[in-house]
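*Asks:* This is the structure I want to talk about, given as structure tokens.
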Amino acid sequence: MHLHGTYYRTIWPHPEDPGCVCTFDQRRLPFELVVEELRSYRDAAAAIREMHVRGAPLIGSTAAYGMYLAGLEARREKDPEKLLENALQELAATRPTAVDLFHALDRCRNVVEAGLPLPVMAEQLRELAGQIADESADICRRIGEHGLPLIRAIAARKPAGEPVRILTHCNAGWLACIDYGTATAPMYLAHQHGIPLHVWVDETRPRNQGARLTAFELGQEGISHQVITDNAGGHLMQHGLVDLVIVGTDRTTRRGDVANKIGTYLKALAARDNDIPFYVALPSSTIDWRLTDGLADIPIEERSEDEVHYIEGWTGSELHRVRVSPQGSRAANYGFDVTPARLVTGLITERGLCPPSEEGLLGLFPEKAQQTSTP
Ligand code: MRU
């Protein structure tokens with residue numbers, strides 16, 4: 001990804017200080033580019049919980065780097081096993097919906113429980129965190145390659161030069177991942193191939209990841225886009241102004257139900273009513289092979305009422321928060337909703353496209369056929 005012309009990933013080990021991992025504090029974007037230094041597993045847990053970092057793949061990588069920092073801390077502890085167990089539990093308790101978090105921590109637990117000398121264990125945790133980040137970047141690149149033909153096919157049906165109009169919700173871009181993004185990867189590749197695009201960016205209340213992060217990314221990549229209010233998508237679809245919807249997912253069941261940022265379900269309903277293809281782009285790390293029924297089984301995060309009561313913006317010199325609801329009113333703040341597989345046209349994975357069904361997913365990931373047990 002390029003920020004102001006410089007190539008970055010969203011998380012990286014400090015080049016000189018082995019006790020430090022760097023990331024961006026996304027709460028300050030798009031107004032300020034602030035590099036945050038994580039120096040303990042508690043820093044990593046706070047960064048995930050308070051959404052300095054967010055987006056399913058980046059949450060997983062940050063947790064893995066948090067376990068690397070825990071590995072370093074354990075070397076200075078009287079009871080290293082206790083510290084490592086606390087770290088695994090604290091990181092797991094940060095956010096409940098994105099399953100990448102739990103997949104990354106499961107892999108870290110295997111290293112922690114391998115009975116290695118502490119310095120070797122810390123080194124292996126560092127390597128594992130790097131590997132998870134590298135895998136994520138590579139997977140997102142491949143999602144882009146598999147999604148590109150969808151956009152190309154729509155472009156081919158249009159008069160030359162007319163843009164393919166894509167609607168997306170929340171931020172499933174490079175800021176949510178390590179690089180490329182999931183939903184955005186096909187868009188970035190299409191843009192590189194010279195296909196004209198216009199992206200409708202849902203603002204994504206309450207935290208405005210669309211308005212703040214996706215619009216910022218698309219701007220950095222030079223892609224034409226407009227921010228729209230969360231309720232505008234249906235109107236645009238009714239008037240023939242949307243060719244394709246592509247969103248990300250935080251957890252996908254083996255039957256293809258997807259949990260994504262609150263409001264995704266309503267976009268899928270509107271897309272179905274208007275006969276517009278609705279695709280979900282996902283790395284296999286967001287598939288929870290143990291779950292079948294998304295509505296019944298996917299835990300939905302509920303966040304602070306204040307995220308709804310207050311809205312944050314840039315005054316021109318600083319971030320400022322103002323209240324938008326009456327004092328005394330209560331708010332409800334569900335972070336995600338579930339779009340049932342029946343409303344999804346197709347899944348774009350790193351191994352190709354498939355129908356949103358158990359047969360479709362197992363066709364691409366046959367090795368997961370037996371992975372059905374609950375923890
Ligand atoms: O609450 P967030 O900002 O972590 O939610 C992010 C999303 O809903 C993304 O669409 C999802 O993580 C997919 S990211 C590739």
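The values are calculated or read from the model by the stated rules, or taken from the named source; none is laboratory data. Treat the numbers as computed from the prediction; the structure is a model and nothing was measured. Cβ sites come from the backbone with ideal geometry, for glycine too, and all protein chains shown count toward neighbours. Note: areas computed on protein heavy atoms with side chains; ligands, DNA, RNA excluded. Shrake-Rupley method; radii C 1.70, N 1.55, O 1.52, S 1.80 Å.
*Asks:* Condition first: away from the ligand (no atom under 16 Å from the Cβ) and closer than 16 Å to Pro277 by Cβ. Now tell me which residues in region 135-162 satisfy that.
*Replies:* Leu148, Pro149, Leu150, Ile151, Arg152, Ala153, Ile154, Ala155, Ala156, Arg157, Lys158 - these are the residues of region 135-162 that are away from the ligand (no atom under 16 Å from the Cβ) and closer than 16 Å to Pro277 by Cβ.
*Asks:* Within region 250-289, take every residue that is assigned to a loop (DSSP other than H, G, I, E, B) and over 25 Å from Pro149 (Cα atoms) and give me the one that is farthest from the chain's Cα centre (by Cα).
*Replies:* The extreme case among them is Trp289.
*Asks:* Is it the case, given these coordinates, that Ile298 is open to solvent by 50 Å² or more (accessible area, probe 1.4 Å) and hydrophobic (A, V, I, L, M, F, W, C)?
*Replies:* Criteria not met by Ile298.
Condition check ((1) within 16 Å of the ligand (Cβ to nearest atom); (2) not in a helix (DSSP H, G or I)) across all residues:
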{"residue": "Leu91", "(1), (2)": "yes, no"}
{"residue": "Cys108", "(1), (2)": "no, no"}
{"residue": "Ala133", "(1), (2)": "yes, no"}
{"residue": "Ala172", "(1), (2)": "yes, yes"}
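*Asks:* To continue, here is another question. I need the full set of residues from region 110-150 which are within 16 Å of Cys177 (Cα to Cα) and open to solvent by less than 60 Å² (accessible area, probe 1.4 Å), in order please.
*Replies:* Within region 110-150, Ala129, Gly130, Ile132, Ala133, Ser136, Ala137, Asp138, Ile139, Cys140, Ile143, Gly144 qualify.
Residues are listed down the side, and each one gets a yes or a no for (1) in contact with a Leu (Cβ under 9 Å, 6 or more places away or on another chain); (2) open to solvent by 70 Å² or more (accessible area, probe 1.4 Å); (3) in contact (Cβ under 8 Å) with a residue 24 or more places away in the chain:
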{"site": "Pro277", "(1), (2), (3)": "yes, no, yes"}
{"site": "Ser284", "(1), (2), (3)": "yes, no, yes"}
{"site": "Gly294", "(1), (2), (3)": "no, no, yes"}
{"site": "Gly313", "(1), (2), (3)": "yes, no, no"}
{"site": "Ser317", "(1), (2), (3)": "no, yes, no"}
{"site": "Gln371", "(1), (2), (3)": "no, yes, yes"}
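*Asks:* Separate question: Name the pairs: first residue in region 252-270 and more than 24 Å from Lys368 (Cβ to Cβ) and more than 9 Å from the ligand (Cβ to nearest atom), second residue charged (D, E, K, R) and modelled with pLDDT of 95 or more, Cβ to Cβ under 6 Å, at least 6 apart or on different chains?
*Replies:* Gly263/Asp230; Tyr265/Asp337
*Asks:* To continue, here is another question. Looking at (1) within 20 Å of Pro299 (Cβ to Cβ); (2) outside any helix (DSSP H, G or I), which is the one condition that is false for Glu77?
*Replies:* Status for Glu77: all satisfied but (1).
*Asks:* For region 89-109, enumerate the residues that are among the aliphatic types (A, V, I, L, M), closer than 16 Å to Tyr65 by Cβ and surrounded by 20 or more Cβ atoms within 10 Å (Cβ to Cβ).
*Replies:* Those that are among the aliphatic types (A, V, I, L, M), closer than 16 Å to Tyr65 by Cβ and surrounded by 20 or more Cβ atoms within 10 Å (Cβ to Cβ): Leu91, Ala98, Leu101, Ala104, Leu105.
*Asks:* In region 191-238, which residues are on the phi > 0 side of the Ramachandran plot and of a type outside the set (Val, Ile, Thr)?
*Replies:* Across region 191-238, the qualifying residues are Gly194, Asn208, Gly222.
*Asks:* Run Asp250 past the list (1) open to solvent by 20 Å² or more (accessible area, probe 1.4 Å); (2) acidic (Asp, Glu); (3) within 20 Å of Arg342 (Cβ to Cβ) and report the number of the one that doesn't hold.
*Replies:* Only one criterion in (1) open to solvent by 20 Å² or more (accessible area, probe 1.4 Å); (2) acidic (Asp, Glu); (3) within 20 Å of Arg342 (Cβ to Cβ) is unmet by Asp250, namely (1).
*Asks:* Just for region 212-247: of the residues that are in a strand (DSSP E or B) and open to solvent by 40 Å² or more (accessible area, probe 1.4 Å), which one is farthest from the ligand (Cβ to nearest atom)?
*Replies:* Looking at the filtered set, the residue picked out is Gln226.
*Asks:* When the residues of region 195-211 are narrowed to those that are farther than 17 Å from Gly335 by Cα and not in a strand (DSSP E or B), which ends up nearest to the ligand (Cβ to nearest atom)?
*Replies:* The residue in question is Ile195.
*Asks:* Of all residues in region 340-356, which are hydrophobic (A, V, I, L, M, F, W, C), open to solvent by less than 20 Å² (accessible area, probe 1.4 Å) and in contact (Cβ under 8 Å) with a residue 24 or more places away in the chain?
*Replies:* Ala341, Leu343, Val344, Leu347, Ile348, listed by residue number.
*Asks:* From Gly234, Gly210, Gly222, which residue is within 20 Å of Arg251 (Cα to Cα) and without any contact (Cβ under 8 Å) to a residue 60 or more places away in the chain?
*Replies:* Gly210
*Asks:* Taking region 42-86, which residues are out of contact with any Ser or Thr (no Cβ under 9 Å at 6 or more places or on another chain), among the aliphatic types (A, V, I, L, M) and surrounded by 24 or more Cβ atoms within 10 Å (Cβ to Cβ)?
*Replies:* Ala64, Met67, Leu84
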